[in-house]
Each structure stands twice: as structure tokens, then as C-alpha cells.
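The values are calculated or read from the model by the stated rules, or taken from the named source; none is laboratory data. Note that the structure is a prediction, hence the values are computed from the model and not measured. So basically every Cβ, Gly included, is an ideal-geometry build from the backbone, and we count neighbours across all protein chains shown. Heavy atoms of the whole protein, side chains included, go into the accessibility calculation; ligands, DNA and RNA do not. Shrake-Rupley method; radii C 1.70, N 1.55, O 1.52, S 1.80 Å.
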Amino acid sequence: QVQLVESGGGLVQPGGSLRLSCAASGFTLDYYAIGWFRQAPGKEREGVSCISSSDGSTYYKDSVKGRFTISRDNAKNTVYLQMNSLKPEDTALYYCVRAYGSMLCPVREYDYWGQGTQVTVSS
């Protein structure tokens, strides 16, 4: 059974840092691109970052470039999102997602989603 389980969210002050984890099971992470999405109240879900399987290339939404870093540890079957210099506008429910039929980022479609982990940036 394919599962993606996010963790690491919480409450942090502006300028602070969090590291989100996405633990995958039921499939081998090596052969899938994995993305992070987020959704804030009243807003549409948006793609934040993605990491490719084939060459390790990464993609970032413009607003998080230089602040967020996506990485993967295939031995642990886990993808991470290191978030630094957090801003209030980063507040959202963050999801990790598995690419549908692609090893490369960016991709158009994803097939499995985690339940999400809440990130709240507030003073």
C-alpha cells in the first residue's frame, strides 16, 4: 500500500526554520519524483518544490527560492523540505506528493498525497 506521511510542522516565529519530512512506504522512492504542495485557508493549493529521481534536479516556486531546500535520502525512503527564513505567508498545510508517471521535475500530475502537516509562522 502506497503511503506518504508528513511530519515536522509546527508553530515558528518569522525568520525561524523548520524541517519537514515525508516518509514513503509501499514503493521505492528512487524511481519517483516527489513534490511538496501547500494550501493556506481561502487559497488554492500550490506547488512549492519538487525533486527528481533520475538526476536529482530540483524545482522551487519563486517565492521560496533561496529559503527552502528539498532533498531526499533514498536509503531512508524519505524526502525533506528544509525551510529557513520563514515568513507569515508561508503559513499553510504542507503535503508531500508522488509524481504520476514521471521521474523528472517539474511534473504536471501527482497520484498519491499525504495527509499534510501544518506550518504556522506567526509572532
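Quick look at the numbers
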{"quantity": "Qualifying residue in the range 53-61 (condition: under 9 Å from Ala33 (Cα atoms) and assigned to a strand (DSSP E or B))", "calculated": "no"}
{"quantity": "In the range 99-123, residue modelled with the lowest pLDDT [restricted to those that are touching a Phe, Trp or Tyr at 6+ places or on another chain (Cβ under 6 Å) and in a loop (DSSP other than H, G, I, E, B)]", "calculated": "Pro106"}
{"quantity": "Conditions (1) open to solvent by 60 Å² or more (accessible area, probe 1.4 Å); (2) in contact with an Asp or Glu (Cβ under 6 Å, 6 or more places away or on another chain): number failed by Gln13", "calculated": "(2)"}
{"quantity": "Residues within the range 58-74 that are closer than 19 Å to Ala24 by Cα and either touching a residue at least 24 places away in the same chain (Cβ under 8 Å) or among the aliphatic types (A, V, I, L, M) (or both), tallied", "calculated": "4"}
{"quantity": "Some residue of the range 100-112 being in contact (Cβ under 8 Å) with a residue 40 or more places away in the chain, more than 26 Å from Gln13 (Cα to Cα), in contact with a helix residue (DSSP H, G or I) (Cβ under 8 Å, 6 or more places away or on another chain) and open to solvent by less than 30 Å² (accessible area, probe 1.4 Å)", "calculated": "no"}
{"quantity": "Among (1) hydrophobic (A, V, I, L, M, F, W, C); (2) surrounded by fewer than 16 Cβ atoms within 10 Å (Cβ to Cβ); (3) in contact with a helix residue (DSSP H, G or I) (Cβ under 7 Å, 6 or more places away or on another chain) - the single one Ala75 does not satisfy", "calculated": "(3)"}
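Condition check ((1) buried (at least 19 other Cβ atoms within 10 Å of the Cβ); (2) among the hydroxyl-bearing types (Ser, Thr, Tyr); (3) at pLDDT below 95; (4) closer than 28 Å to Val121 by Cα) across all residues:
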site	(1), (2), (3), (4)
Leu29	yes, no, yes, no
Asn84	no, no, no, yes
Lys87	no, no, no, yes
Ala92	yes, no, no, yes
Val97	yes, no, no, yes
